[in-house]
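The values are calculated or read from the model by the stated rules, or taken from the named source; none is laboratory data. Treat the numbers as computed from the prediction; the structure is a model and nothing was measured. With ideal geometry, Cβ positions are generated from the backbone for all residues, glycine too; neighbour counts draw on all protein chains shown. To get the accessible areas, we keep the full protein, side chains included, count just its heavy atoms, and leave off ligands, DNA and RNA. Shrake-Rupley method; radii C 1.70, N 1.55, O 1.52, S 1.80 Å.
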Amino acid sequence: RRSGFAGRAERMFGLMDGFLKNDPWSLQKDVMHHVEYTVARSRFSFDDFEAYLALSHTIRDRLIERWHDTQVYFKRKDPKRLYFLSLEFLMGRSLSNSTVNLGIKDQCADALNQLGFEFEQLVEQEGDAALGNGGLARLSACQMDSLATLDFPAWGYGLRYQFGLFRQVILDGFQHEQPDYWLNFGNPWEIERIHVSYAVKFYGAVEEELLNGVKRKVWIPGETVEAVAYDNPIPGYGTRNTINLRLWAAKPSGEGDMESYNTGDYINAVVNRQRAETISSVLYPDDRSYQGKELRLKQQYFFVTASTQDIIRRYKDSHSNFDDFSNKVALQLNDTHPSLAIIEVMRILIDEENIEWNRAWSIVCDSFSFTTHTVSPEGLEKIPADLLGSLLPRHLEIIYEINFLFMEELKKKLGLNYSQLSQMSIVEEGAVKNIRMANLSIVGCHAVNGVSRVHLELLKKRVFKDFCELWPQKFQYKTNGATQRRWMVVSNPNLCGLISKWLGTEAWIRDVDLLIGLKEFASNTDLQHEWRMVKRVNKMRLAEYIEAISGVKVSVDAMFDVQIKRIHEYKRQLLNLFGIIHRYDCIKNMEKSGKTKVVPRVCIIGGKAAPGYEIAKKIIKLCHAVAETINNDPDVGDLLKLVFIPDYNVSVAELVIPGSDLSQHLSTAGHEASGTGSMKFLMNGCLLLATSDGSTIEIIEEIGNDNMFVFGAKVDEVPALREMKSSLKVPLQFARVVRMVRDGYFGHKDYFESLCKTVENGGDFYLLGNDFMSYLEAQAAADKTFVDQEKWTRMSILSSAGSSRFSSDRTIQEYAEKTWNIEPCKCPF
Ligand code: TH1
């Protein structure tokens, strides 16, 4: 006999007409349904944007089906789950990616075509979800795609900022920041869960309470807001599994309403409550720097408590005690930004679940793992103890207690080495007392991961030397990766078609190691020819875009040379600009006959500067000033062009990467923890011109020195070079280009003075002068190779063929096995 529930479920399923179908006709019907009833436009008249919305809702319905099935299956199987906690996710657009992962892109394109719409055009209607700054945030997004595709029972947690990363607007060559109103036109990709909400408390005081003769600490908070969940389905490729990215938004809390309203000032009370929403309103736009701002700390705690309450509630739904917690839950901290979670779980276990301290602490340590993305000690997050104590008084007490016990343990192990103890302490004593979030994370996690091999070496040698010696087995590394679904299949469909044709299979999209199969065809003239054709079409698309945004006409026969990433002194966009000025200077001083030998270049630079980072902003202005001079110089013509692409983001990257020949990764060795942009270029067959730093070192090992252009000081040489710097002679060519900028060759003499100073007179912390000649040689080698199109194309094919190690699928597989101890849980159907 059927149980009542099953019988009812079957009847309901019948009413739903089974699962949604994916043939073009069914898709078309659903699109029209959404035009009429969701977007509420007449079926006789709707524009591209409305068609985009209707199509997105059509896809969303399919995502929801799979999401439900996956979650029901996870719940039934109760596997160990991974929770990925990150304050930043750079998801970019979703439409194209979802259709690719669901395997229905062609059907959608057909369906739309018959309605008179161009799929590619609808895709362009979508704005980017830019809830993050740069590499760290895009890494989170790539890893979510891999987690879903590899069928891992995982969820991501993040913040639903109302304003994502600022829009960069360039006026007269200067960067201006504008708010990113990404939610203003609605967001079809999220599901609001008004009923999934948690109270978030701040301020107040800790009191002692006597309960059944036992003393307990009770936190009496002073302010309460509510965290509401928004779910974003993340579909895997070639699987039904669809995991969840749960983002929290702050809302006023209903708690304590009566009190404030009874005091009389109703209007003010309502308005003040509304201020709760500011907590999740804006993403901090600083890459790699912290400021000890109260709002940022509020965001962090808001995020952490909502996520951990949700996770613990889900655990308790199917478990009656905490014995199994660390066998069922892995909590991954993306950098130290969410590291208060360690304290929050500790607080819940001891204060609310009445678990004894030592047991609670071992549950915490067994569950948490942490990945650091930073190289320098200055990049490590610190929170003033006063600030933390006023916002979260109970948490500060717990931190002190953890630190006390940790110090006692250390004293036993190390004896009384005060300088070492104070280095390792979670609490930094000084004029201002600070809490060191990295130390807290290392102490409270069972695994600490670096993001490339050399990054781990640097952690061992420098930043966390003492900790590595104390707990060598805790420290690991997982070289970062990027997802080939977004960075090849979505953004470079023509190249993918070609690769699949030559490999005789599309299986590499899931099983990326198959890409190596291209290697045997690297010298095949047919493949080479087709490969160049694909690149040319991509370059034409990019050239059109460049003309549209800048008015500059560029020739697709020129080498497209690209540097796109956040603007930072250590990433040395300035070195690139100095190289461009040098090239320009050479062309200017050339005889007519010499010019025929110049390899034409289109130099493309893009990236945002943190709003308060003056030097980075000057680099942007210098780029525009140099471009203005070069692009309008009749002596130069098509031999050299320089364009700055404004408002660089994920969707701009998807356009630029497939259309570039050469990409530059110029960080001073030892400064880029990993770098992930290079991996995306590599996959797309763009040659790299790079220093031997971060993950580039591993790329060199994978594809060989002779398949890219490597230059500059090595990681181990940098410290000694810095010591000797003031006695080193700078090359004449370098001095000359710096002087051109300083003397006002590109105008704005006074404004650029401070920029020049960063590389002059024994300054030059990032060693631009030292690496300059080596850089020019690498550039010359690139020119020489570009003329030999056969060689260039072979190197390009070998780059794609050798890129499989840099798929985030590999990264996630390693984390799953070595850090999280989780297994796939594949939804059958
Ligand atoms: C970046 C690293 O600089 C980069 O090398 C690495 O590839 C990437 O993370 C992913 O691992 C970082 N981004 C941030 C952002 C903030 C703070 C620190 C870092 S490190 C906000």
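So the values come out like this:
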{"item": "Region 365-380, subset closer than 25 Å to Ser326 by Cβ and of a type outside the set (Val, Ile, Thr), residue nearest to the ligand (Cβ to nearest atom)", "result": "His373"}
{"item": "Yes/no for Phe709 being closer than 28 Å to Lys539 by Cβ, in contact with a strand residue (DSSP E or B) (Cβ under 9 Å, 6 or more places away or on another chain) and surrounded by 14 or more Cβ atoms within 10 Å (Cβ to Cβ)", "result": "yes"}
{"item": "Qualifying residue in region 406-419 (condition: hydroxyl-bearing (Ser, Thr, Tyr) and either assigned to a strand (DSSP E or B) or crowded, with 19+ Cβ neighbours inside 10 Å (or both))", "result": "no"}
{"item": "Set Gly134, Gly156, Gly164: member being open to solvent by 10 Å² or more (accessible area, probe 1.4 Å) and among the small types (Gly, Ala, Ser)", "result": "Gly134"}
{"item": "Checking Phe406 against (1) more than 29 Å from the chain's Cα centre (by Cα); (2) within 30 Å of Arg810 (Cβ to Cβ), the condition it does not meet", "result": "(2)"}
{"item": "Ile697 being within 14 Å of the ligand (Cβ to nearest atom), over 17 Å from Asn576 (Cβ atoms) and assigned by TED's automatic domain parsing to the domain that holds Gly607", "result": "yes"}
{"item": "Any hit, region 725-746, residues being within 16 Å of the ligand (Cβ to nearest atom) and either outside the structural domain of Leu574 (by TED's automatic domain parsing) or at pLDDT 95 or above (or both)", "result": "no"}
{"item": "Among residues of region 109-146, those that are under 20 Å from the mean Cα position of the chain (by Cα) and away from the ligand (no atom under 16 Å from the Cβ), counted", "result": "4"}
{"item": "Arg541 vs. criteria in the same structural domain as Cys686 (by TED's automatic domain parsing) and in a loop (DSSP other than H, G, I, E, B)", "result": "no"}
{"item": "Residue count for region 272-312, restricted to those that are within 16 Å of the ligand (Cβ to nearest atom), assigned to a loop (DSSP other than H, G, I, E, B) and either open to solvent by 10 Å² or more (accessible area, probe 1.4 Å) or basic (Lys, Arg) (or both)", "result": "10"}
{"item": "Test: residue in region 751-760 that is outside any loop (DSSP other than H, G, I, E, B) and among the β-branched types (Val, Ile, Thr)", "result": "no"}
{"item": "Checklist (1) touching a Pro at 6+ places or on another chain (Cβ under 7 Å); (2) within 16 Å of the ligand (Cβ to nearest atom); (3) under 23 Å from Asp310 (Cβ atoms) applied to Gly164, failing item", "result": "(1)"}
{"item": "Residue match in region 522-535 (condition: part of a loop (DSSP other than H, G, I, E, B), under 29 Å from the mean Cα position of the chain (by Cα) and on the phi < 0 side of the Ramachandran plot)", "result": "no"}
{"item": "Residue in region 53-87 that is nearest to Cys108 (Cα to Cα), counting only those that are open to solvent by 20 Å² or more (accessible area, probe 1.4 Å) and of a type in the set (A, V, I, L, M, F, W, C)", "result": "Leu53"}
